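Here is the structure we will look at, set down as structure tokens.
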Amino acid sequence: MDTRSSHLNRFVAAVGTVAALGIIAVIFLLSPGSPLAQAHSAELAPTHQPPVGPPLSPPPPLHINAATPAPGAATTVSGGQADRSDLEVIPFRPHLSLRRGEVPPRTTREKPTGTAHPNRPKPPSERRKAPPEPYQAPDLESLLGPLAWNKEVYEGFEGVFPTGCWKVYDLSDDGYERSWGDTDYYAQVGSWSAWPAAAGADALDPWYDWYPDNLYSWMECGPLDFSNMTDIFVGFGLWYDTEPDYDQVYFCASVDGYNYSCDVWSGYSDGWTDQAYWLTSYAGYPEVWIAWVFISNDSISTGYEGAFVDEISIWGYELGTAPTPTPTPDPSGQLIQNGSFETGDLSHWNSLSSSGGSTGMAGGKAMEGRPLLPPGEHRPNAIGPTQGDGGVSIATVGVISSTAVEGDYAAYLWRPDEGSDFLYQTFNVPTDVTDITLDFWFAVTTEETNVGYDWFCVSLEPDDLSTIWVDLGCIDATDATGNWQEVVYSLSSAELSTVAGQSVAVVFELYGDLEGSTGTGGTVGWVDYVQVYATGSGGGTSLDPNEPNDDASSATPLACGTTISGVIGDALGGYDVDWFRLDNVPSGRLDIDIAADTQVPPSSLDSVVALWDDNQNLVAWNDDDGVSYDSYIAYTNTITNATFYVSVESYTGSGSPDAFYDLTVQCGGSGSGPPDAGNEQPPQSSAVWTVMLYLNAEDPNFESLLTQYRTDIEAFIGSKSSFLNVVILYDGPGSSDTVRYLVQPNGAYTDNVNRWNLGELNMGDPDTLANFVRWAMDQYPAQHYYLAIDDHGDGAYGISVDPTSNNDLLTPPEIYSALKSATHDGARKIDLFDYEACLMGLAENAYDLRQWVDYVIFSEQISWGINTYPTYFSDLTATDTPLDVGRRIVDRYHAGAIGANGGWGYPHTISLVDTSRMDILRDAVSNFGDALRVANQRGAINNARDRSQAFANDLDATNPARADYVDLWDLADEASSLVPTQAAAVKSAVEAAVVVERHASGGVSGYIWDHKGAHGLAIYYPSSQSSNAFGHYATLYRMSQDGTWDEFLAWAVPTGTRRGMSAFRSQDKLVSTDAFVFRYVYLPMVLK
């Protein structure tokens, strides 16, 4: 990708909130929009409530540290100055928000049958007569004290409590007075700990009582003065036994004593756990509150012990100068009023509805799966009388309190029949605006089952709603997840010029059609926490004093030997790139150093820096300096008094208020050069192979299969223990069921020796993946490593969905980052990386892993849940090379898929790719796309694309109209008459990179999957720009940033429809009996 155009609009969907990747097996086919639990009526909502239930609870907004740490004990070294600790300390990345004094966010959805604990008093036989088995808590005094950390607070509950900074509150409003107090029922150290109902006039005793229903109990320390601190550490012991998913214990922090950011636990901890966090982002604040909160709902708390907290330690580190807290956004930049609907009505909002006639649909139905809503055809015939400010006379647009992202209320648009609904607010855009970023949350719940009939869309339009100025995208209701999702959208320079000085409406649009609906509920679009933030004259002050500097024409002047500070992103985050102009550069080495990750406190920015010559040609580029996520360029300049440009951006494509950095430039060889990464040598080991299996069974359909893998390996591992280690991270469909194994012969495990219960980890969090791989390679070093990720997947959208963590999943940038960290920047590469999931066989995926992985195994097509790892490794020998093993895996998966399903088989693809060949392939693909653009063959190449082997996340899995991916070799072959030289180079590069490929064609649920054009590597090439990955494809992959395929797609992909939004449509890994393979196969395969 030519970075000069990288400032074009980028679309960012929240990492922790993408779509659930479901199963499309015919035996499991359900309505895609099966209604959730019935919504509770809102007191201030209209009389007619939407019968389609509200979305599930959201994770935090993207710009508030969205990644969620996995709570629980750990034993490896990590983080901060205390680098010799036996304790793993993780950054505090809040999972959700609480407001002290407001109604708690209790779970209100229906409880599954059979989950209730018997309603019984606590019998003597279940009372604890003695503390549990001895437990040694970490000695933080000896760990942090010698490193010049200051202990600010310690509470072990052995004396009088509460005193000093401590306060306890009962906010339950249930007629009883119960709050946190000390108890001798459990203790981590000594005899006493804290329990959430042990104090107050109606206090309970855990020796005799379970924790009560409707408890809302706070234990708080503060305010604490951290103004002179550069880093903060908080550690505590936690033991919990709560009704899973319904009752929770929270750890929270706040800078105002009202709004708290929190991590949360629920279920059973199986003993004491050590929790340890860096609260670095709270350093520098003069007032900080730390709190522990317990919340129970209104039923079935009997039979559960509750939560116990002990050994609280709060430490601060002072370097002599206080850090600057994260800047507060200028409130004058916010253009939206009542964006969270906390007035309980539609004040400042307008609503509009029109019934009948399939409004907005060409001919009553959009073309196959794509919205056709051109400007001028999607509006009602007239603006009705409900246009006035705050009008709520339309039953189908209103406010409800049964679900919300921010505060207590959210808006909804309900379409139970044919027609359209609109919710919009008009605001004035300053004439001299320099940046505008939109941030909003949406969800769609539906009873619609047919693709192309019900749509939810968002746009920016003139105040008369006459046309679309900025299309923020559409989502088909059948593709929606039923979960809250966040969209962050930064306007491009062209879009800014369109809206500057105008009266603009942000419009939420819902279109409905009766066909396909299974009931009377229709479709509901949900909206909350809408923000529009502008910077520039008339707007807010930018957090970055250098703005606007988003392109070379507005570059900030920079001189040799100076340091300048900046911020990527602004109040709402969003895409940002900062440009600087460097004049009069002498000959000699030019050093460009970014300090962000290594600052104290550390910035959230993972930087990318690029150096451009005076003609804005890229001459040097760097992501990471080899030691940290900071960037460093050392470039030899041969021109006297040269002019250069420097651009700085985020690797993720999105910034935030705390994505700050320092840029230092040294000229003429005066710089020190990049940091020394050392000369790391792989550890010595007697093992030849370490096999790492990352098994995500959050989907219960995978539970028995993935569990059986471990059982089968246990049967043969004993004979191979001299040269093979197999380690597994397994997460089941329940709560607190994440377990790490060193697989033992015949399943003879000893807890905390070769089996570790880790509570509930987020399998969609890159930290979980990186920590597992790093632990395995540290503890069980070997000559060769194999890593598999096993779950649902969908190419550009990601892999490993975790429903218990708001459907978080591993995106391509997160996999890149996790493996980069775990392999120590490739110092210890993984020999074989296996995507055991659907549609992951993309050239982009193979290219992005080339620095960390030697060979990649994956499927271009939807994959199948069949017996894999025991078959792959049951006859492994100490002399097998990675290439031997990789070929065996491909052949055995192929044979297994043909022989599965009672002999009927499964149509499939599988390939082994040599990542060392991917640089040549990237260049060939870029030249191919460039040549097509030069030849101006847009229509011809799109026709070639439609004739190519396609792979769709759909039962109609080889239909090009439904596909986001096409086989790269086949595409080049179909286009060979257009650009013959470049097409031949692509085909040659694919043949060199693909070591071995197998496929078989057949049928699934009445559809024929014809794979005769499969050659082992697919590429992203959707049929239209309404593909949900299209808007942010350029930021997903290094291959896009290093090459120009993204620019080809921007030129080639048809734009005749509304663009896609953040639904991340996907239905994956099949487990089905309604499938077969043709009894003939295509060369070079051998008939089984």
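Quick notes on this one:
- Three-way shape call for the range 944-1007 based on the alpha-carbon gyration tensor, with the a/c threshold at 1.5: oblate
- Calculated FRET value between Asp256 and Thr562, using beta carbons and R₀ = 41 Å, to 0.05: 0.65
- Packing rank of 846-856, 267-277, where each peptide gets the mean count of other beta carbons within 10 Å, highest leading: 846-856, 267-277
- Taking the average, over residues, of other Cβ atoms within 10 Å as the packing measure, peptides 700-712, 168-180 rank 168-180, 700-712 from highest down.
- Our summary gives the range 916-1077 a relative contact order of 26 percent, counting only alpha carbon pairs under 8 angstrom and 6 or more residues apart.
- Which of Trp756, Trp526, Trp210 has the fewest Cβ neighbours within 10 Å, and the rest in rising order: Trp756, Trp210, Trp526
- Averaging 1/r over every pair of different alpha carbons in the range 829-896 and inverting the result gives a Kirkwood radius of 12.7 Å.
- Measuring nothing but alpha carbons in the range 689-885 and taking Rh as the Kirkwood radius, the Rg to Rh ratio lands at 0.93.
- Separation in nanometres of the label points that stand 7 Å from Cα toward Cβ, at Asn754 and Asn150: 5.0
- Computed on the range 552-666, the Cα convex hull volume stands at 93 Å³ per residue.
- Calculated FRET efficiency for the pair Ser1005/Thr431, C-beta based, R₀ 45 Å, to 0.05: 0.20
- Where N is the number of residues in the range 916-1077, Cα Rg divided by 2.2 N^0.38 Å: 1.03
- Evaluated with a Cβ-only charge set (Lys, Arg +1; Asp, Glu -1), the range 916-1077 carries a dipole of roughly 280 debye about its Cα centre, given to the nearest 20.
- Theoretical FRET efficiency, 1/(1+(r/R0)^6), r = Cβ-Cβ of Asn936 and Thr498, R0 22 Å, to 0.05: 0.25
- Karplus-derived 3J(HN,Hα), 6.51/-1.76/1.60, for each residue of the range 985-991, Hz, glycine and proline x: 5, 5, 4, 5, 5, 5, 4
- Residues whose placed amide H lies under 5 Å from that of Val996, excluding near-sequence neighbours: Leu912
Every number in this text was worked out from the coordinates using simple rules, so none of it is lab data. On a predicted model such as this, the values are computed, not experimentally measured, just so you know. Here Cβ is always computed from backbone atoms with ideal geometry, including for glycine, and neighbour counts include all displayed protein chains.
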